[in-house]
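Participant: Encoded as structure tokens, here's the structure I'll be asking about.
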Amino acid sequence: MSYSGFDPVSLHKDRPRQEADAPSGAANIMSVQERPISVPMPKLYQEHLPNAVLGMRSCANMSVFSEGEPLVFVITAPVNDGKIRYGIKNTLSGEIFKGRLEISRDCNCFRLDFSQCGMGPGHYECKVFIKGNALSCFFGIVAKTDRCAVADSPFAVDHASAWHVKSENRRDYARLLGLSGVKWARERIRLSDIYNDGIQYLFENYDEAFSYIKAEGIKITVCFHDIPAALCCRDGLAVSSMSAVRSFAREIGRHFDGAVDAWEIWNEQDVTHFSCGTPDEYAAFMKAFAIGLKDSGTEALILPGAYARAPEFSVYGPWMMKNGVMDYTDAYNFHTYVFPDKDSVPAPDMPVLSEHMLNAEKWGGKAAWLTETGTIITNPDGYDRMTQWYQHAAYLSAASALVPFCGVERTFHFMLPAYGECNAEFGMFTSGHEPLPAFISLCAVCAQLGKGEALGSTTLPVRGVAFDTGGDEVLMLWNDEPVSVQLPVRLPVVVADMNGGEKCLCPGRDGLSINIGAAPVFVHFNRIPKQLYNRDAAKVRRACAHSLPLPCRLFVRPVFPPDTFPFFPDPKKGEGELITTGYRLESGRSTEIMLGCCNFTSQTVCAHPDINAPEGISVSVADAVVLAPGEEKVIPLTVTAYGELHGAELYVRLSADGMCGSPACVYIDTVKKQ
């Protein structure tokens, strides 16, 4: 498994260029060979501080330097033996330089300035040895943000600072967003933090976190997966009043107007540990919430909660969609992860990605957002951490190419701060706020691909995608196994490695030969030769806020007795996490359910319940119900199922004054009489 696509730019940028200075191959990240190079010694500054404690830190925000920023590290040591040894290693290429400096025994604080050592964008490890003590830290160098100054791009990051970053660190992490070049960040809120007692709204914690992000010019999408206790009537899931949900959503929409640019109504509702009840319960909640947001006057986009699994992995996905949720949204929303082992090169799950794009087209043809994607590695024994980190970085880079190529508008990489879930670790930073390769790779993607408009797949015998950056054009290339490709070019081209280290290569008589490995490389052209790619990228649909059609404000929600509920597995008991049945009705027995009829139009209506019952199901319900503006009224509906049914679809909707309201669809299974 090779993670270095080519010999990155030398740390010493002033070395003479050589014709056909082609990449020399790739080091295996599991055993990177150290490649000593010669660079000028760092500058040394010494002073004495009271109460110095042994340690080392960089002078950059979260140890991420912008290209051209002074590369200064501060070492403190109460006592020393008059010597400092140091070493800095490029973790991708293995290039390393070492040295030794004489220091004053009377000083206990030392500043090492490596600016003159010529390091370019990349991920590095710095080690310092002083009087038998070994100090180390990871740091990164990223390209200047003006190199990726585009209005928009598909590259985004899951930030979650309101949950996973301490208040004192939030401003610093927000600055990293600005440095990275991403245009969107994903945040989370707990609705119960805002309105749990049903009396007072509390927004302060989220106001602070969001303000830091907006100060960097970053747009925010927000998701949640809880319901305030004041709105619940059963197990923290079922909502007692759709009118209350609408009012609540209207309040938070008004408060966060201008701060939040998109709302995701729930998160991974198709798995039980994030459940919002049955698909029809979720749909009713989502409709009321979307209406409330629209009534608030906000221009924020509205998305449904994201799929955690493939769209038809369980009955949840189709059942949810048949409830008309996409009529209330501006974009389709899903998640996808991969589970690499220690010997694999991770890449996006293209079949699942294609399934979601087909599903998005089937249910409205709106824009598609991938709001979480990444690798899940559960730290098996003997697993080298650097290998794991570079697997994440390689996946991030490959996904940044393939996902837009498939037509997805935005890709949110999971996630920026350090985060653990079960026995897996995520994040682009360590818990000590030092960058991992994934963050440097994210910055490189933004800097190298600019606006990130996918043009098509490469015709070369490797994996790759052609991009229009908004300036030049770029071929992003990688391959599971090392291979050499020939580019038909006569003029010098700029090639960058996965972490943004650039090199200008001069072709020979037969063109330019480049070694491609698992870590993607970026090859820049004024215009890519037409024979190097196919124009086969999918069309990208753009999300835009739209007004709700009047019929969407008239909907119903069936409320079934608890003893008829679908089977909800318990993951803690090993039962799985996906519901597998519809509502379970006893065959031949009548069951009375309550039909919540919601009128969120501005006029009084006389609504007629329209029932579409499949063979084997009979129903009885009142002929009509009068609903005032904003009123929700409950009427009984009797359902009798016969024979053996599995997944029988029962549709209920209201019609009034020529309007045909949004449908409610329920799946019904029959069970034998007890």
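The values are calculated or read from the model by the stated rules, or taken from the named source; none is laboratory data. Every value quoted in this text rests on a predicted model; they were computed, and no experiment measured them. When we count neighbours, we look across all protein chains shown, and the Cβ atoms used for this are built from the backbone with ideal geometry, even at glycine. For the accessible areas, the whole protein counts, side chains as well, though only heavy atoms, and no ligand, DNA or RNA atoms are used. Shrake-Rupley method; radii C 1.70, N 1.55, O 1.52, S 1.80 Å.
Participant: For the stretch 617-674, give me the residue count where each residue is under 22 Å from G292 (Cα atoms), hydrophobic (A, V, I, L, M, F, W, C) and in a loop (DSSP other than H, G, I, E, B).
Facilitator: The total comes to 1.
Participant: For the stretch 486-542, how many residues meet the condition of being over 27 Å from A368 (Cα atoms), of a type in the set (V, I, T), open to solvent by less than 20 Å² (accessible area, probe 1.4 Å) and in contact with an Asp or Glu (Cβ under 8 Å, 6 or more places away or on another chain)?
Facilitator: Qualifying residue count, the stretch 486-542: 2.
Participant: Whether any residue in the stretch 413-427 is of a type in the set (S, T, N, Q), on the phi < 0 side of the Ramachandran plot and not in a loop (DSSP other than H, G, I, E, B) is what I want to check.
Facilitator: No, because not a single residue in the stretch 413-427 is of a type in the set (S, T, N, Q), on the phi < 0 side of the Ramachandran plot and not in a loop (DSSP other than H, G, I, E, B).
Participant: I'm trying to understand the selection: among the residues of the stretch 605-623, which are surrounded by 14 or more Cβ atoms within 10 Å (Cβ to Cβ) and farther than 15 Å from E644 by Cβ?
Facilitator: V605, A607, H608, P609, D610, I611, A613, V619, V621, listed by residue number.
Participant: Give the stretch 309-336 a look and list any residue that's under 30 Å from H392 (Cβ atoms), of a type in the set (F, W, Y) and surrounded by 19 or more Cβ atoms within 10 Å (Cβ to Cβ), or say none.
Facilitator: Selection gives Y316, Y332, F334.
Participant: Here is a follow-up. Of everything in the stretch 303-353 that's more than 22 Å from C406 (Cα to Cα) and of a type in the set (V, I, T), which residue is modelled with the lowest pLDDT?
Facilitator: Across the stretch 303-353, the extreme among qualifying residues is V315.
Participant: Moving on to the next point. Name every residue in the stretch 165-210 that is in a helix (DSSP H, G or I) and open to solvent by less than 10 Å² (accessible area, probe 1.4 Å), in order of residue number.
Facilitator: Y173, A174, L176, L177, S180, L191, I194, Y206, A209, F210
Participant: Pairs please, first residue from the stretch 286-299 and in contact (Cβ under 8 Å) with a residue 60 or more places away in the chain and closer than 16 Å to S241 by Cα, second anywhere and open to solvent by less than 10 Å² (accessible area, probe 1.4 Å) and of a type in the set (F, W, Y), Cβ atoms under 6 Å, 6+ apart in sequence or on different chains.
Facilitator: Taking only residues 6 or more apart or on different chains, the pairs are K287/Y328; K287/F555; A290/Y328; I291/F600.
Participant: Got a number for residues in the stretch 143-164 being farther than 25 Å from G305 by Cα and surrounded by fewer than 22 Cβ atoms within 10 Å (Cβ to Cβ)?
Facilitator: 7
Participant: Further question: If you scan the stretch 276-310, which residues turn out to be farther than 28 Å from G630 by Cβ and either of a type in the set (S, T, Y) or in contact with a Leu (Cβ under 8 Å, 6 or more places away or on another chain) (or both)?
Facilitator: Passing the criteria: Y307, R309.
Participant: Could you run through the stretch 66-96 and say how many residues are of a type in the set (D, E) and closer than 30 Å to D106 by Cα?
Facilitator: Residues that pass the stated criteria total 2.
Participant: Name the pairs whose Cβ atoms lie under 8 Å apart, with the first residue in the stretch 240-252 and among the acidic types (D, E), the second at pLDDT below 95, and 6 or more positions between them or separate chains?
Facilitator: Here the result reads E251/Y195; E251/Y201, each pair linking the stretch 240-252 to a residue that is at pLDDT below 95.
Participant: Starting from residues that are charged (D, E, K, R) and surrounded by fewer than 16 Cβ atoms within 10 Å (Cβ to Cβ), keep the ones in the stretch 108-131 and report whichever is nearest to P40 (Cα to Cα).
Facilitator: Here the answer is D113.
Participant: Tell me, yes or no, whether the stretch 430-449 has at least one residue that is under 29 Å from R188 (Cβ atoms), open to solvent by less than 10 Å² (accessible area, probe 1.4 Å) and assigned to a loop (DSSP other than H, G, I, E, B).
Facilitator: no
Participant: Mind checking which residues of the stretch 618-659 are within 44 Å of the chain's Cα centre (by Cα) and of a type in the set (G, A, S)?
Facilitator: If the condition is that a residue be within 44 Å of the chain's Cα centre (by Cα) and of a type in the set (G, A, S), then A628, G630, A641, G647, A648, S655, A656, G658 are the ones that fit.
Participant: Taking the stretch 325-369 on its own, how many of its residues are aliphatic (A, V, I, L, M), in contact with a helix residue (DSSP H, G or I) (Cβ under 6 Å, 6 or more places away or on another chain), without any contact (Cβ under 8 Å) to a residue 60 or more places away in the chain and assigned to a strand (DSSP E or B)?
Facilitator: 0
Participant: Among the residues of the stretch 337-387 satisfying the criterion of being among the acidic types (D, E) and under 18 Å from the mean Cα position of the chain (by Cα), which is most open to solvent (accessible area, probe 1.4 Å)?
Facilitator: D349
Participant: Being of a type outside the set (D, E, K, R) and assigned to a helix (DSSP H, G or I) narrows it down to one residue among A244, A310; which is it?
Facilitator: A244
Let's see how each residue does on (1) of a type outside the set (D, E, K, R); (2) more than 22 Å from D113 (Cβ to Cβ); (3) surrounded by 15 or more Cβ atoms within 10 Å (Cβ to Cβ); (4) modelled with pLDDT under 90:
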{"residue": "D7", "(1), (2), (3), (4)": "no, yes, yes, yes"}
{"residue": "H12", "(1), (2), (3), (4)": "yes, no, yes, yes"}
{"residue": "P16", "(1), (2), (3), (4)": "yes, yes, no, yes"}
{"residue": "D21", "(1), (2), (3), (4)": "no, yes, yes, yes"}
{"residue": "A27", "(1), (2), (3), (4)": "yes, yes, yes, yes"}
{"residue": "P40", "(1), (2), (3), (4)": "yes, no, no, no"}
{"residue": "E47", "(1), (2), (3), (4)": "no, no, no, no"}
{"residue": "S66", "(1), (2), (3), (4)": "yes, no, yes, no"}
{"residue": "L71", "(1), (2), (3), (4)": "yes, no, yes, no"}
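Participant: Only one of K572, K539 is within 25 Å of M326 (Cβ to Cβ), under 31 Å from the mean Cα position of the chain (by Cα) and among the basic types (K, R). Can you tell me which?
Facilitator: K539
Participant: Just one of the numbered conditions (1) more than 19 Å from V465 (Cα to Cα); (2) aliphatic (A, V, I, L, M); (3) touching a helix residue (DSSP H, G or I) at 6+ places or on another chain (Cβ under 8 Å) is not true of V403; which one?
Facilitator: For V403, the exception is condition (1).
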